[in-house]
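The values are calculated or read from the model by the stated rules, or taken from the named source; none is laboratory data. This one's a predicted model, so the numbers in the text were calculated from it and none came from an experiment. Quick reminder, even Gly has a Cβ in these numbers, built from the backbone with ideal geometry, and neighbours come from all protein chains shown. Quick note on the areas: whole protein, heavy atoms, side chains included, nothing else; ligands and nucleic acids left out. Shrake-Rupley method; radii C 1.70, N 1.55, O 1.52, S 1.80 Å.
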Amino acid sequence: MARVFNFSAGPATLPEEVLRQAAEEMLDWGGTGQSVMEMSHRGKDFLSIAAAAEADLRELLGVPDYYRVLFLQGGASLQFEMIPMNLLRGRATADYVNTGEWAKKAIKAARGLADVHVAATSEDRSFTYVPAQADWELSTGAAYVHYTANETIGGVEYGWVPQTGDVPLVCDMSSNIVSRPVELTRYGLIYAGAQKNIGPAGLTIVVIRDDLIGVGDPVPPAMLDYATHAKADSMYNTPPTYAIYIAGLVFKRLLATGGLAGAEQRNLAKAGLLYDYLDRSDFYANPVEPADRSRMNVPFTLADSALDADFLAGAAERGLVQLKGHRSVGGMRASLYNAMPIEGVQALVDYLTEFATAKG
Ligand code: PMP
């Protein structure tokens with residue numbers, strides 16, 4: 001069967017070239033007579049794979065040498081807990097900005113560990129915008145400020161970086177990491193699960209400034225302490241070796257196709273194509289404030305939700321899959337991560353047009 005256009009929010013579509021290379025190397029990586037999956041994580045072959053993946057990610061994100069790149073497990077969800085455990089540094093309060101489902105989950109997890117102050121929220125308009133920095137009420141003495149760069153469910157994305165002075169800025173970049181250039185030195189810590197823009201599920205990327213490592217007070221249990229993983233070069237325990245290998249192939253491909261500036265151009269073109277169509281149509285709607293619309297996740301509704309099942313069945317017949325919206329919001333959602341080609345978005349727009357003409 002031909003490959004489909006997969007609009008899943010994650011795990012998500014990966015570059016076909018990467019999958020083909022992985023297939024070619026499946027039984028014999030680099031003349032070793034083994035699959036990467038079968039290699040010792042401490043052997044020189046895998047160490048070279050992990051080192052190249054880290055070096056390439058550093059180049060892509062522009063990571064200075066006073067930051068560490070950690071390859072962890074437990075998903076972004078574990079970071080919701082590791083962040084307060086490590087970054088409170090004996091302080092009581094942490095500031096959070098609430099922009100939707102994922103910010104809420106981060107806040108809920110932190111509440112068990114810190115005195116959480118919600119500095120701003122967009123709940124008043126059903127999380128359809130990013131609260132302007134002028135409306136944030138940051139607390140004095142906060143240990144850090146946390147925000148969610150892209151709300152995967154609501155389809156809301158920051159187009160700017162918050163100003164927090166000397167207070168470390170912490171960002172959940174799970175669903176837009178490596179989709180656009182980033183000013184990394186504005187952050188104390190960024191984190192992301194790999195399963196959207198980077199590779200297979202099971203790998204979590206953390207980039208953390210040196211002065212925020214090993215300062216947990218009280219000291220967290222070893223596996224939850226960034227210092228443990230930094231000291232051991234992310235090999236304190238067995239890392240997700242195959243996921244790191246695929247991530248490395250994705251990073252190489254990004255570097256070869258214009259880096260993050262190239263990715264941003266492609267993502268702007270894809271998102272523009274879809275939003276322009278949705279805005280021209282009376283049949284479909286997207287509720288998000290135009291300036292805050294996500295380039296990665298585009299939620300939309302049909303004029304009549306009774307047509308949803310028909311819409312999805314017709315899409316699947318055309319090889320357009322995983323368009324059903326998140327169960328908490330309903331409707332549809334098209335995720336347009338880096339690996340979604342513009343041909344996939346064009347095929348979606350063609351289908352949207354056809355469906356609206358037939359049923360509208
Ligand atoms: N944050 C965001 C923005 C997400 O989209 C997700 C997953 N969809 C998570 C956190 C949770 O990630 P994980 O499932 O890797 O724990």
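Dipole size in debye (nearest 20) for the chain around its Cα centre, Lys and Arg Cβ +1, Asp and Glu Cβ -1? Walk me through the intermediate numbers first.
Numbers: 30 positive and 42 negative charges, 72 e Å.
Taking the Cα centre of the chain as origin, the dipole is about 340 debye.
Any chance you could check the Cα centroid distance between the range 30-82 and the range 251-286 for me, in angstrom?
A separation of 28 Å, based on Cα centres.
Please give the solvent-accessible surface of Ser77 in Å², to the nearest 10, using a probe radius of 1.4 Å with every protein chain present.
Its accessible surface works out to 70 Å², give or take rounding.
Can you run phi through the Karplus equation (6.51, -1.76, 1.60; θ = phi - 60°) for the range 40-46 and list ³J(HN,Hα) in whole Hz, with x for Gly and Pro?
5, 6, 9, x, 5, 5, 5
Could you give P(r) for the range 50-208, binned at 5 Å from zero, as whole percent values over all Cα-Cα pairs?
2, 9, 20, 23, 22, 15, 7, 2, 0, 0
Within the set of other residues whose C-beta is less than 9 Å from the C-beta of Gln34, count the net charge using Lys and Arg as +1 and Asp and Glu as -1.
Cβ neighbours under 9 Å give a net charge of -3.
Using amide H atoms built in the peptide plane, which far-off residues or other-chain residues are under 5 Å from Arg89 H to H?
Excluding prolines and chain starts, which carry no amide H, the hits are Asp217.
Provide, as a two-decimal number, the C-alpha radius of gyration of the chain over 2.2 N^0.38 Å, N being how many residues it has. Mind showing how you got there, number by number?
Numbers: Rg = 20.8 Å, N = 360, 2.2 N^0.38 = 20.6 Å.
Output field value: 1.01.
Which of these, Met296, Met223, Met235, has the largest mean-square fluctuation under a Gaussian network model of the chain (Cα springs below 10 Å)?
Highest fluctuation of the listed residues: Met223.
Hey, can you find the accessible area per residue of the range 220-342 for me, probe 1.4 Å, expressed in square angstrom?
Values: 5320 Å² over 123 residues.
Solvent-accessible surface per residue comes out at 43 Å².
How much accessible area per residue does the range 166-218 have, in Å², with a 1.4 Å probe?
Details: 1490 Å² over 53 residues.
Ligands and nucleic acids excluded, the result is 28 Å² per residue.
Top to bottom by accessible area (1.4 Å), largest first, where do Asp166, Asp56 land? Don't skip to the end; give the middle numbers.
On the way: Asp166 150, Asp56 15 Å².
Solvent-accessible surface, decreasing: Asp166, Asp56.
Can you give the calculated 222 nm mean residue ellipticity of the chain, where each DSSP H run of n ≥ 4 adds -39,500 (n - 2.57) and the sum is split over every residue, rounded to the nearest 500 deg cm²/dmol?
Per the formula, -11000 deg cm²/dmol.
In the chain, what percentage of the DSSP-assigned beta bridges are antiparallel, given to the nearest 5? Walk me through the intermediate numbers first.
Details: 21 of 38 bridges.
Here the share of antiparallel DSSP bridges comes out near 55 percent.
Over the range 258-359, with every protein chain in place, what whole percent of the accessible area is carbon and sulfur at 1.4 Å, could you tell me? The partial results should precede the final answer.
Values: 2370 of 4590 Å².
Carbon and sulfur together cover 52 percent of it.
Classify the range 102-180: rounded, prolate or oblate, from the alpha-carbon gyration tensor (a ≥ b ≥ c, eigenvalue square roots; a/c under 1.5 rounded; otherwise prolate if a/b is larger than b/c)?
Details: a/c = 1.36, a/b = 1.29, b/c = 1.05.
Rounded is the answer for the range 102-180, as its axis ratio a/c remains below 1.5.
With all protein chains present, how much of the accessible area of the range 109-229 (probe radius 1.4 Å) comes from carbon and sulfur, to the nearest whole percent? Show your work: numbers first, answer last.
Details: 2160 of 4330 Å².
For the range 109-229, the apolar C and S fraction of the accessible surface comes to 50 percent.
Taking the Cα centre as origin and putting +1 on Lys and Arg beta-carbons and -1 on Asp and Glu beta-carbons, what dipole magnitude results for the range 258-359, to the nearest 20 debye? Display every interim value, and only then the final one.
Numbers: 10 positive and 13 negative charges, 63 e Å.
In debye, rounded to 20, the range 258-359 gives about 300.
Note down the Stokes-Einstein diffusion coefficient of the range 62-113 in µm²/s, whole number, using a Kirkwood radius over alpha carbon pairs, 20 °C, and 1.002 mPa s. Mind dumping the intermediate values first?
Details: Rh = 12.5 Å.
Translational diffusion coefficient: 171 µm²/s.
Keeping all protein chains in the complex and leaving out DNA, RNA and ligands, what accessible area do you get for Lys105 with a 1.4 Å probe, in Å² to the nearest 10?
100
Calculate the dipole size of the range 80-218 relative to its Cα centre from +1 charges on Lys and Arg beta carbons and -1 charges on Asp and Glu beta carbons; express the result in debye to the nearest 20. Please list the in-between numbers first.
Details: 11 positive and 16 negative charges, 60 e Å.
With Lys and Arg at +1 and Asp and Glu at -1, about 280 debye.
Using a 1.4 angstrom probe with every protein chain in place, what is the largest-first accessible-area order of Leu70, Leu255?
Details: Leu70 0, Leu255 55 Å².
I get Leu255, Leu70, largest accessible area first.
Roughly how large, in nm² to one decimal, is the mean projection of the convex hull of the alpha-carbon atoms in the range 258-359?
Details: hull surface 26.1 nm².
Average of the hull's projected areas for the range 258-359 equals 6.5 nm².
Let me check I've understood the local charge: for Asn150, count other residues with C-beta under 11 angstrom from its C-beta, Lys and Arg +1, Asp and Glu -1. What total comes out? Working shown, then result.
Values: positive: Arg180, Lys196, Arg293, Arg295; negative: Glu151, Glu157, Asp172, Asp292.
That sum, taken over residues with Cβ under 11 Å, equals 0.
I need to check one value: relative contact order of the range 1-107, counting alpha carbon pairs closer than 8 Å and at least 6 residues apart, in percent. Write down the numbers at each step before the final one.
On the way: 35 pairs, mean separation 10.4, N = 107.
Answer for the range 1-107 is 10 percent.
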